[in-house]
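Working notes, structure below.
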Amino acid sequence: MFNALVVKKNEDGKTNAAVEQIGLDDLPAGDVTVAVEYSTVNYKDGLCIGPGGGLVRNYPHVPGIDFAGTVEASDDARYKAGDKVVLTGWRVGEAHWGGYSQKARVKADWLVPLPSGLDTRQAMAVGTAGFTAMLAVMALEDHGIKDGPVLVTGAAGGVGSVATAILAQLGHEVAAVTGRPETADYLTSLGATQIVAREELNETVKRPLEGEVWGGCVDAVGGEMLARLLGQIKYGGSVAAVGLAGGAGLPATVIPFLLRGVNLLGIDSVMQPYENRLRAWERIAKDLPMDKLEAMVHPAVLSDLPGLGRDILKGQVKGRVVVDVNA
Ligand code: NDP
């Protein structure tokens, strides 16, 4: 038997999450059984742990959309016992039991080998949020980052923190947008050269085009902020749209696309093919400074998760929460 955070649905439709002992026979079917070492807390995890259940497709459920650990048993030739692996995406933690457990059983296709240069804790300090930040940076690079500062919204959050550190490491000026002025020193330590107050960007678009300011953008916020910043992107520049922490609506016009050739690039970390995942993890190991990654980390244990799930939905988590499932 081993520990897992199990979310159950009560007869009244409400859910509750608690650490319980489960067995290998309880785990869903899969090719590879992993002794999980670390998982993390992402925005989606907040939805899955929380009372509404959000994205959860089956109850009882073990959330945790990512994990890193060691293969314990494998029916797939690509993995053998003792291999270190990382998992993000594929609706694990939503439709299939996830990483908030000392053991997980998943499809081999969903895993990638831990890239050299990262240990399992570092891989989860990155986690889904950081992996997505890397995908966003790679998408911007593919379309060409223009001169001038690159804007990162929701900067003190998970995606934003990692995007800020990677872009700065690659030599870009980074303008970090935050609604928490008290995080300015933290964001500067990650490499941001400019702090932009959320209110400066958080209003419905008034003019479809404003001055050309930003050489590109990683946007974790969406909504009115995304609509507004589209009109400030330099000619031919791109916005990698990652998230919707500020809303799913997009009260924008087509003018920035038509008159400035702005590209709006949608980033999805969930269904990324194996080759892309491998390439992104290798870039993370190469381009994300480990001292900056360490500065983002808050350690947690399984019993902390219900509270942390609430905090992340309120936008109150700074950086990355790393869950030691064996502590
Ligand atoms: P976090 O909660 O860690 O970060 C989100 C940040 O957005 C907050 O820290 C806050 O930053 C800012 N924010 C929160 N609420 C608002 C608001 N109402 N208006 C403006 N800014 C706000 O979440 P993650 O970084 O893990 O995820 C960010 C988004 O990206 C989420 O929507 C998530 O679902 C999505 N996501 C998408 C993925 C994909 O595959 N496309 C993968 C991973 C995440 P600050 O305090 O600095 O302003």
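Between V213, V242, which is in the same structural domain as A163 (by TED's automatic domain parsing), closer than 26 Å to D142 by Cα and within 15 Å of the ligand (Cβ to nearest atom)?
V242
Give the residues of the stretch 62-93 that are outside any strand (DSSP E or B) and in contact with a strand residue (DSSP E or B) (Cβ under 7 Å, 6 or more places away or on another chain), sorted by residue number.
So in the stretch 62-93, the residues outside any strand (DSSP E or B) come out as 62-65, 75-83, 89-91, 93.
Scanning the stretch 62-93 gives V62, P63, G64, I65, D76, Y79, K80, A81, G82, D83.
If you scan the stretch 267-279, which residues turn out to be open to solvent by less than 70 Å² (accessible area, probe 1.4 Å) and in contact with a strand residue (DSSP E or B) (Cβ under 9 Å, 6 or more places away or on another chain)?
I267, S269, V270, Q272, R277, L278, listed by residue number.
Can you name every one of the strands (runs of 3 or more DSSP E) wholly within the stretch 94-176 that holds 1 or more residues which are in contact with a Lys or Arg (Cβ under 8 Å, 6 or more places away or on another chain)?
Values: elements: 103-106, 111-113, 150-152.
Because the criterion is at least 1 residues that are in contact with a Lys or Arg (Cβ under 8 Å, 6 or more places away or on another chain), the strands (runs of 3 or more DSSP E) in the stretch 94-176 that meet it are 111-113.
Which one is nearest to H298 (Cα to Cα) among residues in the stretch 19-48 that are open to solvent by less than 40 Å² (accessible area, probe 1.4 Å) and among the small types (G, A, S)?
Looking at residues that are open to solvent by less than 40 Å² (accessible area, probe 1.4 Å) and among the small types (G, A, S), I get S39.
Which strands (runs of 3 or more DSSP E) does the stretch 185-257 wholly contain that include 1 or more residues that are open to solvent by 30 Å² or more (accessible area, probe 1.4 Å)? Outline the logic, then answer.
Working: elements: 194-197, 216-219, 238-241.
Counting at least 1 such residues, we get 194-197.
Taking A175 and the conditions (1) open to solvent by less than 20 Å² (accessible area, probe 1.4 Å); (2) in the same structural domain as E72 (by TED's automatic domain parsing), which numbered condition does it fall short on, given that it satisfies the others?
(2)
Return the residue satisfying two criteria in turn: it lies in the stretch 296-310 and is at pLDDT 95 or above and open to solvent by 50 Å² or more (accessible area, probe 1.4 Å), and of such residues it is nearest to V323 (Cα to Cα).
P299
Would you say A108 is buried (at least 24 other Cβ atoms within 10 Å of the Cβ), more than 17 Å from the chain's Cα centre (by Cα) and assigned by TED's automatic domain parsing to the domain that holds G30? Let's see the steps before the verdict.
Details: buried (at least 24 other Cβ atoms within 10 Å of the Cβ): no; more than 17 Å from the chain's Cα centre (by Cα): yes; assigned by TED's automatic domain parsing to the domain that holds G30: yes.
So A108 fails the test.
Would it be correct to say that L151 is within 13 Å of the ligand (Cβ to nearest atom), open to solvent by less than 30 Å² (accessible area, probe 1.4 Å), outside the structural domain of A300 (by TED's automatic domain parsing) and under 14 Å from the mean Cα position of the chain (by Cα)? Walk me through how you get there before you give the answer.
Working: within 13 Å of the ligand (Cβ to nearest atom): yes; open to solvent by less than 30 Å² (accessible area, probe 1.4 Å): yes; outside the structural domain of A300 (by TED's automatic domain parsing): yes; under 14 Å from the mean Cα position of the chain (by Cα): no.
In short, no.
Given the structure, is V92 over 12 Å from I284 (Cα atoms) and in contact with a Pro (Cβ under 8 Å, 6 or more places away or on another chain)? First the steps, then the outcome.
Numbers: over 12 Å from I284 (Cα atoms): yes; in contact with a Pro (Cβ under 8 Å, 6 or more places away or on another chain): no.
Taking the combined requirement at face value, the residue does not satisfy it.
Quick test for you: out of G266, G247, G223, G231, pick the one residue that is in contact with a Lys or Arg (Cβ under 8 Å, 6 or more places away or on another chain) and more than 30 Å from R121 (Cβ to Cβ).
Working: G266 fails: in contact with a Lys or Arg (Cβ under 8 Å, 6 or more places away or on another chain); G247 fails: in contact with a Lys or Arg (Cβ under 8 Å, 6 or more places away or on another chain); G223 fails: in contact with a Lys or Arg (Cβ under 8 Å, 6 or more places away or on another chain).
That would be G231, the only listed residue that is in contact with a Lys or Arg (Cβ under 8 Å, 6 or more places away or on another chain) and more than 30 Å from R121 (Cβ to Cβ).
Across the stretch 160-172, which residue is farthest from G130 (Cα to Cα) among those that are touching a residue at least 40 places away in the same chain (Cβ under 8 Å) and surrounded by 24 or more Cβ atoms within 10 Å (Cβ to Cβ)?
Per the criteria, the residue is L167.
For the stretch 114-133, give me each residue that is more than 16 Å from Y38 (Cβ to Cβ) and surrounded by 24 or more Cβ atoms within 10 Å (Cβ to Cβ).
The first filter runs over the stretch 114-133 and keeps only residues more than 16 Å from Y38 (Cβ to Cβ), leaving 116-117, 132-133.
Within the stretch 114-133, T132, A133 meet the criteria.
The values are calculated or read from the model by the stated rules, or taken from the named source; none is laboratory data. Source: prediction; values computed, not measured. A quick note on method: Cβ atoms are made from the backbone with ideal geometry, for glycine too, and the neighbour counts reach across all protein chains shown. We work out accessible area using only protein heavy atoms, side chains counted, and drop any ligands, DNA or RNA first. Shrake-Rupley method; radii C 1.70, N 1.55, O 1.52, S 1.80 Å.
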